[in-house]
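The values are calculated or read from the model by the stated rules, or taken from the named source; none is laboratory data. Keep in mind it's a predicted model, so treat the numbers as computed, not measured. Methodologically, a virtual Cβ is constructed for each residue, glycine included, from the backbone with ideal geometry; neighbour enumeration extends over all protein chains shown. To get the accessible areas, we keep the full protein, side chains included, count just its heavy atoms, and leave off ligands, DNA and RNA. Shrake-Rupley method; radii C 1.70, N 1.55, O 1.52, S 1.80 Å.
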Amino acid sequence: MKNIPARTNMKALQGLIDRSERDGEFRKQLLANPRNTIERELQLSLPDDHEILIHEKSKSITHLILPPKSSTTKEEREAAKTGKVSLEYLKKTMYDPAPQLSEKINHPTVKARSSNSLKELINIRVEQGLDFLNSTISENGAWHCIRYHGGMENAPRHYEKPPFVSAYCTLALENCELPKAKSICAAAKQYILATMEFPGLWRYYRHLPPDLDSTTLCSMILSDHPWIALGQNLSKILSYRNEDGLYNTWVLDPDEPDVVSPFRIEADPVVNANIISLLGDCSETRPVQDWLESLLQDRKLEDSSKWYTDSSAICYGIGRAVNRTKPLLDHLCTPLAENVLSNQDQSEGFGNILQTAQAITALHNAGQVDTIDPLHYTKHILNSQHEDGSWPELVAFGDKKSKWGNFGQFVHASESMTTAFCVEALTNLGNSL
């Protein structure tokens, strides 16, 4: 089935409703077999365990649709809104203690090899990386990361398992065809489904409001779920727009926790790129398309995001949107590649191995991986892998520039996250060798 943006499906669904007014035969089909009719007409494939019901209004029948019962109680929601009690909610998302960083032994250095022998080695090492990931993922499919204060030496380290991390890493594995990768992705999908809130929203922590970064990434994973595929969450997502037509990370609704500092309620380039991935080309994404183009053309990625603190991560997010919406953003491929290549150092990469992996994937998604030497970068990534199949723990995202003392500069990292992006980069490099 086609990967059709939710905005398109939402309009098409309204078209089916309008058609049922004009076409009596079609109305009968829709009422008798709504699931098959919607799948056929919208070219969708919906989950087997999800039922579609259609209610026909009449002068004597009115249908009131109740939202699903919340997974949290009214008392819990009230307690999470403000003050110290919200920190108790935060603690419930963490799994202590996370270990301190430890030294690990790398594989023996990979020296001169042919393209074919490197391809064989990539397959072996990717399998090892997937084995490592399998050993770290929870029974319910959740990925973890480690949260700590980036500005404090020997800061306490906490495990956390937000749905955002599971979605972020699962998307990195979605093009890996190995059975182990498919199994990991399937398990993560179930965890992401379990953490979804009506009508298709996610939050990073229980004590924070829903956010668009979590919601967009998780929606991409659950793109076949009817709440997502049929655009049930779109009206909420569209309410996050500011006066310039860009999308803020949060919107503070009256019934949500008021614990997000106002300076964080702003447009982020990665979050807005995710919006394009989700909604495609429509009037609601045109200002975003123009904004991202200007950021790339004017080389203004540096400091444009509070959460993705290096330009490789920002380019990675934009590259994902380019790849998922082809050919919509093809005009961004050249400036995107130029921004990536501007960070290439004189020796081995684009910064640390995580930044390098994300830079390589951004170039791949822009169709310009031929601007680098795939043999060199394949060996560079392979030489950074530990014997247990992992790659080093490195900061993947965080709020490093916040100056809040003990309450700011929090960063998020894990060997699992770095491993996912290195597996993705090796998969892409293997296809170019």
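Points worth noting:
- Meets criteria (at pLDDT 95 or above and acidic (Asp, Glu)) for Asp298: yes
- Looking only at residues of the range 3-27 that are open to solvent by 80 Å² or more (accessible area, probe 1.4 Å) and in contact with a helix residue (DSSP H, G or I) (Cβ under 9 Å, 6 or more places away or on another chain), we find that the one that is farthest from Leu234 (Cα to Cα) is Glu21.
- On the stretch given as the range 37-70, residues that are loosely packed, with under 13 Cβ neighbours inside 10 Å and part of a helix (DSSP H, G or I) total 1.
- Where a residue in the range 154-181 is more than 18 Å from Ser135 (Cα to Cα) and its partner, wherever it lies, is in a strand (DSSP E or B) and open to solvent by less than 20 Å² (accessible area, probe 1.4 Å), with Cβ under 7 Å and at least six apart: Ala155/His149; Arg157/Ile146; His158/Ile146
- Residue count for the range 321-360, restricted to those that are part of a helix (DSSP H, G or I), of a type in the set (Ser, Thr, Tyr) and under 17 Å from Asp373 (Cβ atoms): 1
- Residue match in the range 107-123 (condition: out of contact with any His (no Cβ under 6 Å at 6 or more places or on another chain), among the hydrophobic types (A, V, I, L, M, F, W, C), open to solvent by less than 60 Å² (accessible area, probe 1.4 Å) and farther than 25 Å from Ile381 by Cα): no
- Residue list for the range 411-432, filter: open to solvent by 40 Å² or more (accessible area, probe 1.4 Å) and modelled with pLDDT under 95: Asn431, Ser432
- Lys326 vs. criteria of a type outside the set (Ser, Thr, Tyr), surrounded by 15 or more Cβ atoms within 10 Å (Cβ to Cβ) and more than 18 Å from Lys300 (Cα to Cα): no
- From the list Lys119, Lys104, the one residue that fits, being modelled with pLDDT of 70 or more, under 22 Å from Asp388 (Cα atoms) and in contact with a Leu (Cβ under 8 Å, 6 or more places away or on another chain), is Lys119.
Each row is one residue, and each column tells you yes or no for (1) open to solvent by less than 10 Å² (accessible area, probe 1.4 Å); (2) over 20 Å from Leu101 (Cα atoms).
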| residue | (1), (2) |
| --- | --- |
| Glu127 | no, yes |
| Leu130 | yes, yes |
| Ile137 | no, no |
| Cys145 | yes, no |
| Met152 | no, no |
| Glu160 | yes, no |
| Val165 | yes, no |
| Leu171 | yes, yes |
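- Among residues of the range 44-58 that are among the charged types (D, E, K, R), those with a beta-carbon under 7 Å from a residue that is in a loop (DSSP other than H, G, I, E, B) at least six positions away or on a different chain give the pairs Lys57/His63.
- Looking only at residues in the range 208-233 that are over 17 Å from the mean Cα position of the chain (by Cα) and open to solvent by less than 20 Å² (accessible area, probe 1.4 Å), the one that is modelled with the lowest pLDDT is Pro209.
- So Asp18, is it assigned to a helix (DSSP H, G or I) and of a type outside the set (Phe, Trp, Tyr): yes
- As a summary of the residue check, Ser277 satisfies the conditions (1) under 22 Å from Thr418 (Cα atoms); (2) surrounded by 21 or more Cβ atoms within 10 Å (Cβ to Cβ) except for the one numbered (1).
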